[in-house]
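Just below is one structure, and these are the notes that go with it.
The values are calculated or read from the model by the stated rules, or taken from the named source; none is laboratory data. Bear in mind that the values here come from a model prediction, so they are computed numbers and not experimental data. Note that we place each Cβ from the backbone using ideal geometry, even for glycine, and neighbour counts take in every protein chain shown.
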Amino acid sequence: MTDSKYFTTTKKGEIFELKSELNSEKKERKKEAVKKVIASMTVGKDVSSLFPDVVNCMQTDNLELKKLVYLYLMNYAKSQPDMAILAVNTFVKDCDDPNPLIRALAVRTMGCIRVDKITEYLCEPLRKCLKDDDPYVRKTTAICVAKLYDINAQLVEDQGFLDTLRDLISDSNPMVVANAVAAITEIMENPNNTSHIIEFNTQTINKLLTALNECTEWGQVFILDAISSYEARDEREAQSICERVAPRLAHANSAVVLSAIKVIMKLMEMMDPGSDMSVMLIRKLAPPLVTLLSAEAEIQYVALRNINLIVQKKPEILKNEMKVFFVKYNDPIYVKLEKLDIMIRLTSHSNIAQVLAELKEYATEVDVDFVRKSVRAIGRCAIKVEQAAERCVATLLELIQSKVNYVVQEAIIVIKDIFRKYPNKYEGIISTLCENLDTLDEPEARASMIWIIGEYAERIDNADDLLESFIEGFHDENTHVQLQLLTATVKLFLKRPSNTQELVQQILSLATQDSDNPDLRDRGYIYWRLLSADPAAAKEVVLAEKPLISEETDLIEGSLLDELICHISSLASVYHKPPNTFAEGRNGGVGFKRSLPARYNSQDDSPTQDMTSSNAANNYNNQQQQQQQMANVHSDNLIGDLLDINNSNNSYIPPNQQQQQQHISDNILDLLGDLGTPTLINQSPSIHPSFIPGLETFQSLPASSQTLSLLIIISNLFQVWLTVSKGKGLEISGSFARRNEIISMDMTFNNQSSQPLHGFAIQLNKNSFGIVPSQQINISNPLAPSQSTSISLPLNTNGPMQQMNPLNNLQVAIKTNVEVLYFSCLYPIHILFTEDGRMDKRTYLATWKEIPVSDEVHHEVDGGMLLTSDKIQEKLERANVFTVARRNVDQQEMLYQSIKLTNQVWVLIEVKVVAGVINVSIKSRATEVYPYIQQSFDIILKA
């Protein structure tokens with residue numbers, strides 16, 4: 001009978017019976033009892049009360065019984081630490097046992113018992129076993145050192161175990177070497193590690209390469225991973241290592257293959273791309289990658305995610321293997337999508353014909369998601385391979401003729417991108433697109449079609465009728481569609497003003513007066529003001545030439561790609577994210593170096609030590625490319641076509657130039673006669689000028705700029721915190737400021753009630769940054785009816801914290817002699833910028849590199865054409881945004897800045913000033929602060 005019988009008994013009094021059996025004199029009966037205990041433990045029964053009885057069974061020569069007892073110990077030692085000490089003597093004794101299996105078993109169990117009280121007792125047995133004559137014991141002990149380091153790192157260092165572990169790298173047995181490397185890797189990547197255990201040199205690498213040939217497959221993975229962290233001295237050494245690693249490419253284990261590819265990919269950076277060795281290695285890398293795609297679907301997916309990184313780094317490796325990535329009918333959807341992505345990356349002029357034929361076939365599949373991706377892939381091919389753009393457009397038109405709804409909509413979305421890439425080239429197909437207008441029901445497709453109509457309004461005879469059909473259901477449209485419709489109508493008006501006046505008035509009215517969406521209202525007011533004040537400038541802004549979209553839409557940023565190449569064959573290469581973004585503590589210690597050789601990290605092949613080596617500075621072009629791609633994919637986003645406003649030098653025209661351009665705009669001015677100024681700007685009783693930052697700057701602006709500036713102020717500040725109706729006659733207005741390192745809550749109390757108010761007190765609810773009053777409200781005299789008084793209440797940030805939504809929400813209670821009043825307000829986050837926020841340059845550089853590119857956000861500050869880089873730096877320094885470094889590259893001003901919040905959160909900023917446009921890039925480990933930092937930059941730079 002099998003051991004399954006131990007899992008079937010559930011009788012009462014079992015614990016008592018087991019106790020007596022465990023203390024039996026008969027060995028077989030003891031073993032049976034221990035098996036029953038293990039079975040009960042496995043199914044979740046609490047058998048911890050038998051701990052002393054089971055420990056007594058350790059004193060046995062029976063290896064099977066000893067294994068069972070050790071299994072029980074590993075499970076219950078943590079919950080019974082005092083009882084676990086009883087097992088120490090047996091561990092010590094077993095470590096001297098003549099049988100190496102028992103010695104290794106004792107060591108393995110010691111490493112799994114995570115009890116601080118007995119750790120010190122295990123040091124001597126561990127020291128002996130590290131120098132044991134049997135290699136099986138030594139390899140087991142090496143792993144035990146890594147486990148003990150995780151429990152008590154200081155003890156391991158004090159006892160000299162790290163030195164002994166380092167010596168095992170030179171062991172004669174390859175399995176001992178592999179386990180020693182695995183243990184050292186684990187320790188060096190432990191967040192508690194503060195020192196380098198080992199610095200690999202040529203001699204050590206040669207030992208590892210020698211052991212590589214005799215290790216098991218998992219031992220080879222550990223060794224290859226360690227070799228990948230070594231930086232060769234020169235090209236000759238890199239070639240030598242690659243030659244010795246190359247045979248692993250033919251291994252049956254896919255993990256060994258990928259680890260070998262990782263080593264070779266890294267060392268190839270040290271070689272001349274045109275050398276015979278480099279060409280030979282590229283030729284050798286293709287077959288193992290292709291072979292991985294014949295495995296089961298799960299392994300295929302992992303291989304494809306790694307291949308995705310490899311072809312971005314070195315597309316020449318698989319440039320002739322396109323057919324391998326053609327989708328099979330029985331591939332799972334996740335494999336299909338990965339293959340599709342790699343196909344686009346490998347597409348070139350030489351293979352575009354077969355790729356298009358495949359994609360056209362995929363567009364007839366039954367899987368809707370896959371069909372959508374396939375249609376978009378055709379658009380990407382058109383953008384990437386200019387010579388094949390016409391053929392791609394013809395293919396898209398064929399798909400549109402199929403009248404399949406989701407195919408038509410995806411085709412229109414990608415055709416919009418093609419128009420952006422090749423302006424004024426394929427307008428002949430617009431009539432075909434317009435025929436399908438009624439079938440569009442997805443927001444992105446509707447927005448794309450509206451963009452096309454607005455962009456080519458002068459060539460579409462019935463453009464006004466088409467847009468009017470959308471405007472009829474304006475309030476039912478998605479926000480993105482509304483924004484795009486607003487812009488397209490303004491474009492139509494600027495191109496054909498004679499018969500579209502009613503249409504533009506209608507859309508501006510809908511956007512500004514009938515909408516509660518702030519983005520839509522803001523854009524509507526901007527257009528309204530532009531058209532009213534200076535139609536010529538409006539033409540320059542709205543109809544400005546847009547930058548062409550980039551060829552690649554989703555390339556991984558260069559420095560991140562280099563890092564991920566160094567993590568091939570790990571989860572990081574599957575997620576396409578650095579390990580520390582999804583695994584806590586990974587790379588937290590002083591671990592192996594995970595980067596490509598420094599001299600190949602920059603475009604000029606020379607290492608740099610200053611700010612030019614930061615991801616932000618080196619990869620500016622990549623970021624610009626990504627921003628253009630984002631504008632392409634989401635051209636109907638909150639900014640939309642107004643992205644061009646800062647690229648125009650004519651958005652404000654001085655008075656002496658207005659006369660020269662008057663003849664251009666007379667016609668439009670007449671048509672706009674009664675449009676006037678938006679009423680919101682003239683009627684804002686809730687705004688108290690004394691609380692508007694930068695009012696002097698605002699008043700000094702030309703009249704044509706004042707309205708836009710005031711609109712910005714209105715949209716960023718809400719000054720009346722408690723209205724008269726809600727405050728039972730008390731109105732409270734206010735703002736926040738930071739003066740001389742003290743946060744102030746400036747308030748005006750206006751008594752509109754019929755009785756005096758006194759006994760004022762304030763209390764703030766728990767909030768995200770622990771803001772509390774430093775003192776109580778000081779209003780000595782009663783506040784008589786129709787009187788007002790102003791106070792400045794100092795605040796500090798040492799109160800209780802609770803994350804609010806939004807993050808800068810502050811809930812306030814005001815007590816008076818009448819009753820307690822409640823309100824909430826939003827504070828600008830820059831009042832929390834501390835005066836000690838200037839980061840050291842080296843720390844800044846290291847921190848910027850450490851934070852993944854996926855956590856970086858970009859923001860564009862409107863109105864930057866009025867500010868020089870000196871003025872920007874001055875404004876930001878006054879707000880405790882400190883400049884760490886400043887550079888000028890190719891007439892592009894770049895400021896590298898740091899911010900420290902009161903809760904010790906650091907924020908890194910890169911400010912670029914290009915042609916009067918302020919682009920802000922933000923990185924922080926606390927990504928939830930990003931939108932509030934962006935708001936603060938808007939307020940600071942516009943003040």
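Annotations
- The lone exception for Ile568 - which of (1) in contact (Cβ under 8 Å) with a residue 40 or more places away in the chain; (2) outside any loop (DSSP other than H, G, I, E, B) it fails: (2)
- Only one of the listed residues (Leu901, Leu895, Leu832, Leu826) is under 30 Å from Leu730 (Cβ atoms) and either of a type in the set (Lys, Arg) or under 26 Å from the mean Cα position of the chain (by Cα) (or both). That residue is Leu832.
- Against the list (1) under 20 Å from Lys491 (Cα atoms); (2) at pLDDT 90 or above, the condition Ser374 fails is (1).
- Residue selection: Leu821 fails the criterion of being surrounded by 13 or more Cβ atoms within 10 Å (Cβ to Cβ) and free of Cβ contacts under 8 Å to residues at least 40 places away in the same chain.
- The set of residues from region 802-814 being in contact with a Phe, Trp or Tyr (Cβ under 8 Å, 6 or more places away or on another chain) and surrounded by 14 or more Cβ atoms within 10 Å (Cβ to Cβ) comprises Leu807, Asn808, Leu810, Gln811, Val812, Ile814.
- Inclusion of Val911 among residues that are under 17 Å from the mean Cα position of the chain (by Cα), part of a strand (DSSP E or B) and under 29 Å from Pro806 (Cα atoms) is not warranted.
- Taking residues in region 498-514 that are in a helix (DSSP H, G or I), and partners anywhere that are acidic (Asp, Glu) and at pLDDT below 90, the pairs with Cβ atoms closer than 8 Å and at least 6 places apart or on different chains are Asn499/Asp464; Leu503/Asp464; Leu503/Glu468.
- Among the residues making up region 218-241, those that are under 34 Å from the mean Cα position of the chain (by Cα), without any contact (Cβ under 8 Å) to a residue 40 or more places away in the chain and assigned to a helix (DSSP H, G or I) are Leu224, Ile227, Ala238.
- At least 2 residues being surrounded by fewer than 20 Cβ atoms within 10 Å (Cβ to Cβ) is the threshold, and among the helices (runs of 4 or more DSSP H) wholly inside region 366-485 those reaching it are 368-384, 389-401, 405-421, 430-434, 463-471.
- From the list Asp167, Asp163, the one residue that fits, being without any contact (Cβ under 8 Å) to a residue 12 or more places away in the chain, closer than 25 Å to Trp218 by Cβ and assigned to a helix (DSSP H, G or I), is Asp167.
- Meets criteria (hydrophobic (A, V, I, L, M, F, W, C), within 29 Å of Glu563 (Cα to Cα), out of contact with any helix residue (DSSP H, G or I) (no Cβ under 7 Å at 6 or more places or on another chain) and surrounded by fewer than 16 Cβ atoms within 10 Å (Cβ to Cβ)) for Val889: yes
- Residue ID - farthest from the chain's Cα centre (by Cα), chosen from residues in region 517-553 that are more than 12 Å from Gln482 (Cα to Cα) and acidic (Asp, Glu): Asp534
- Any hit, region 833-847, residues being under 20 Å from Ile771 (Cα atoms) and assigned to a helix (DSSP H, G or I): no
- Qualifying positions in region 306-332 - surrounded by 15 or more Cβ atoms within 10 Å (Cβ to Cβ) and farther than 23 Å from Arg283 by Cβ: Val327, Asp331
- Just one residue in the set Ile241, Ile227 is closer than 16 Å to Thr185 by Cα, among the β-branched types (Val, Ile, Thr) and surrounded by 14 or more Cβ atoms within 10 Å (Cβ to Cβ); that residue is Ile227.
- Residue selected from region 769-808 under the condition part of a loop (DSSP other than H, G, I, E, B) and of a type in the set (Gly, Ala, Ser), by the criterion modelled with the lowest pLDDT: Ser780
- Region 746-765 - residue that is part of a strand (DSSP E or B) and touching a residue at least 60 places away in the same chain (Cβ under 8 Å) and, of those, farthest from Val720 (Cα to Cα): Leu757
- Just so you know, in region 147-171 the residues that are hydroxyl-bearing (Ser, Thr, Tyr) and surrounded by 17 or more Cβ atoms within 10 Å (Cβ to Cβ) include one that is farthest from Met188 (Cα to Cα), and it is Thr164.
- Selection status of Gln811, in contact with a strand residue (DSSP E or B) (Cβ under 8 Å, 6 or more places away or on another chain), at pLDDT below 90 and under 27 Å from Glu741 (Cβ atoms): no
- Close Cβ contacts (under 8 Å, 6 or more residues apart or on different chains) running from residues in region 121-139 that are loosely packed, with under 15 Cβ neighbours inside 10 Å to residues that are modelled with pLDDT under 90 and not acidic (Asp, Glu) comprise Glu124/Val92; Lys131/Thr164.
- Meets criteria (over 13 Å from Ala146 (Cα atoms) and assigned to a helix (DSSP H, G or I)) for Val177: yes
- Residue in region 829-874 that is modelled with the lowest pLDDT, counting only those that are within 17 Å of Ile899 (Cα to Cα) and of a type in the set (S, T, N, Q): Gln873
- When residues of region 82-94 are limited to those that are surrounded by 15 or more Cβ atoms within 10 Å (Cβ to Cβ) and of a type outside the set (Val, Ile, Thr), the one modelled with the highest pLDDT: Asp94
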